[in-house]
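> Dropping a structure here in structure tokens format, bear with me for questions.
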Amino acid sequence: MLRLNLTRPAAAYLKEKLNLTPDEEEIAIYGLQVIIYPLISLLSISLVGWLLGCLYTTLAATLTAAFLRLWSGGAHSRSPLTCTLLGAFVSPALGKISLVLAPLLSPFHLLLTIILGSLLSLFFVGRLAPVDSPAKPLLSPQYRQRMRRLSITSVFLIAAVQITLLATAEAPAVVLALSLGLWWQTFTLTRAGHRFATLIDEIISA
């Protein structure tokens, strides 16, 4: 089985230089992952989006999904590197799709997409969020309720931003990218999203 972990060599180096215990080494690995992988993920997503000529729409989809994910949680890969690779594929794909499809949609159709897409996301977010993981369990019922309320509020905020952009700016592709980012993150809350994450894990670790 292939185990990809970019932080272990750095942690091993720190262990040797600082005489870390095994527990301290694991803490160092976790700390490096928290810092390094999100940065690598954003840089890789931005690079691929730039190469495909859809940087702005890629970032719009990425930031929308990340904003909702802060409160809603979602399916997680077993490996941070797998998450990085998946993000580098999915986010630019959403950005490119937005750039291609947006010119085909009238403002009315975009508004309809915003409304129907937001309602669909609200349905799943209201039922499923927040989704925890073994690495980030949600033990308190009060905390879960708070995260659910924030998740629902996030969907409304994203829709408000879209409607504002649609009414005031010539940015239909960005508006559509926001919807695709919202839908992708909503998908990660579902059983199908979890099965997809498991499948990607199995493919990469095979």
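Taken together, the values in this text are just the output of simple stated rules run on the coordinates, not laboratory data. Model, not experiment: these values are computed from the prediction. With ideal geometry, Cβ positions are generated from the backbone for all residues, glycine too; neighbour counts draw on all protein chains shown.
> If I model a spin label at Val100 and Trp50 as a point 7 Å from the Cα along the Cα→Cβ vector, what separation in nanometres do I get?
2.3
> Largest first and to the nearest Å, give the Cα extent of the stretch 55-205 along each principal axis.
Rounded to whole Å, the extents work out to 43, 36, 20 Å.
> Pop the C-beta distance of Leu150 and Arg127 into the FRET formula with R0 = 25 Å and round what comes out to the nearest 0.05. If you can, show how the numbers build up before the last one.
Values: r = 16 Å, r/R0 = 0.62.
Working from the Cβ atoms, E equals 0.95.
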